[in-house]
1. Please work out if Ser80 is over 27 Å from Glu158 (Cβ atoms) and either modelled with pLDDT of 95 or more or hydroxyl-bearing (Ser, Thr, Tyr) (or both).
2. Output the number of the condition that Glu41 fails; it satisfies all remaining conditions of (1) exposed (fewer than 11 other Cβ atoms within 10 Å of the Cβ); (2) of a type in the set (Asp, Glu); (3) at pLDDT 95 or above.
3. Name the residues in segment 57-67 that are open to solvent by 40 Å² or more (accessible area, probe 1.4 Å) and either at pLDDT below 95 or of a type outside the set (Gly, Ala, Ser) (or both), would you?
4. Pairs needed: first member in segment 35-46, acidic (Asp, Glu); second member anywhere, in a strand (DSSP E or B) and surrounded by 10 or more Cβ atoms within 10 Å (Cβ to Cβ); C-beta distance under 6 Å; at least 6 residues apart or different chains.
5. Within segment 114-134, which residues are part of a loop (DSSP other than H, G, I, E, B) and more than 24 Å from Ala51 (Cβ to Cβ)?
6. Looking only at residues that are of a type outside the set (Gly, Ala, Ser) and surrounded by fewer than 15 Cβ atoms within 10 Å (Cβ to Cβ) in segment 102-124, which one is farthest from Ser148 (Cα to Cα)?
7. What single numbered condition from (1) surrounded by 14 or more Cβ atoms within 10 Å (Cβ to Cβ); (2) under 15 Å from the mean Cα position of the chain (by Cα) fails to hold for Glu93?
8. If I filter segment 114-122 for residues that are of a type in the set (A, V, I, L, M) and farther than 16 Å from Leu141 by Cα, do I get at least one hit?
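The values are calculated or read from the model by the stated rules, or taken from the named source; none is laboratory data. As the structure is a prediction and not an experimental result, all values here were calculated from the model. Counting neighbours? That spans all protein chains shown, and the Cβs are built from the backbone with ideal geometry, glycine included. Side chains included, ligands, DNA and RNA excluded: accessible areas come from the protein's heavy atoms. Shrake-Rupley method; radii C 1.70, N 1.55, O 1.52, S 1.80 Å.
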Amino acid sequence: MTKTLILSALALLTTTAAFAEGTHAGGHDQMMVGVPGNASEISRTIKVKMAETDDGEMIFKPSVIDVERGETIRFIIINSGELDHEFVVDDRERNQEHKALMAKFPEMEHDDPNAIRLAPGASGEVLWSFVNDGDFEFACLIPGHYESGMRGDLNVVETIARN
């Protein structure tokens, strides 16, 4: 009887872990790159376009974004390409971990405040507050897209030099 209970418990735990890996919901309230933004605290809006080039490169425009620590940014994300793309704001290490998970589960559903996946022609937004200085990135983690150039530098500094 005890052996049966232990095996049943292990089967249940394994099944729960498999279901947890199939989605990517929540859990990103406090990250090195910051916290989900509040619409009433938006400092500025930055438009980001996602697309493919004729030579097969996948790009973000702009490919470098500078923000000040403490800013809350409304990213307006526009997919002007012909493929699904995503915009994920995080540190490089966590993006690499997420990218590896996406390789295992390419149809993973996302419900994270630091990310959005868009079909061709669609647009959406990500609201994010940057609470720490550092060098971060934004990326598309759909298998093959990052390797095709779909990543950009996100620099969070104390003060941006303004002309």
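1. Values: over 27 Å from Glu158 (Cβ atoms): yes; either modelled with pLDDT of 95 or more or hydroxyl-bearing (Ser, Thr, Tyr) (or both): yes.
Taking the combined requirement at face value, the residue satisfies it.
2. (1) is the only condition that Glu41 fails.
3. Keep residues of segment 57-67 that are open to solvent by 40 Å² or more (accessible area, probe 1.4 Å), which gives 57, 61-64, 66.
Of everything in segment 57-67, those that are open to solvent by 40 Å² or more (accessible area, probe 1.4 Å) and either at pLDDT below 95 or of a type outside the set (Gly, Ala, Ser) (or both) turn out to be Glu57, Lys61, Pro62, Val64, Asp66.
4. Cβ pairs passing all conditions: Glu41/Thr72.
5. Within segment 114-134, the subset part of a loop (DSSP other than H, G, I, E, B) is 114, 119-122, 130-133.
Answer for segment 114-134, where residues must be part of a loop (DSSP other than H, G, I, E, B) and more than 24 Å from Ala51 (Cβ to Cβ): Phe130, Val131, Asn132, Asp133.
6. Initial filter on segment 102-124 (of a type outside the set (Gly, Ala, Ser)): 102, 104-114, 116-118, 120.
Those left that are additionally surrounded by fewer than 15 Cβ atoms within 10 Å (Cβ to Cβ): 104-107, 109, 111, 120.
On the way: Lys104: 18, Phe105: 19, Pro106: 16, Glu107: 19, Glu109: 22, Asp111: 24, Pro120: 17 Å.
Filtering first and then ranking leaves Asp111.
7. The single condition Glu93 does not satisfy is (1).
8. Our first condition is that a residue be of a type in the set (A, V, I, L, M); within segment 114-122, this holds for 115-116, 118-119, 122.
Right, trim to farther than 16 Å from Leu141 by Cα and you get 122.
Yes, segment 114-122 contains a residue that is of a type in the set (A, V, I, L, M) and farther than 16 Å from Leu141 by Cα.
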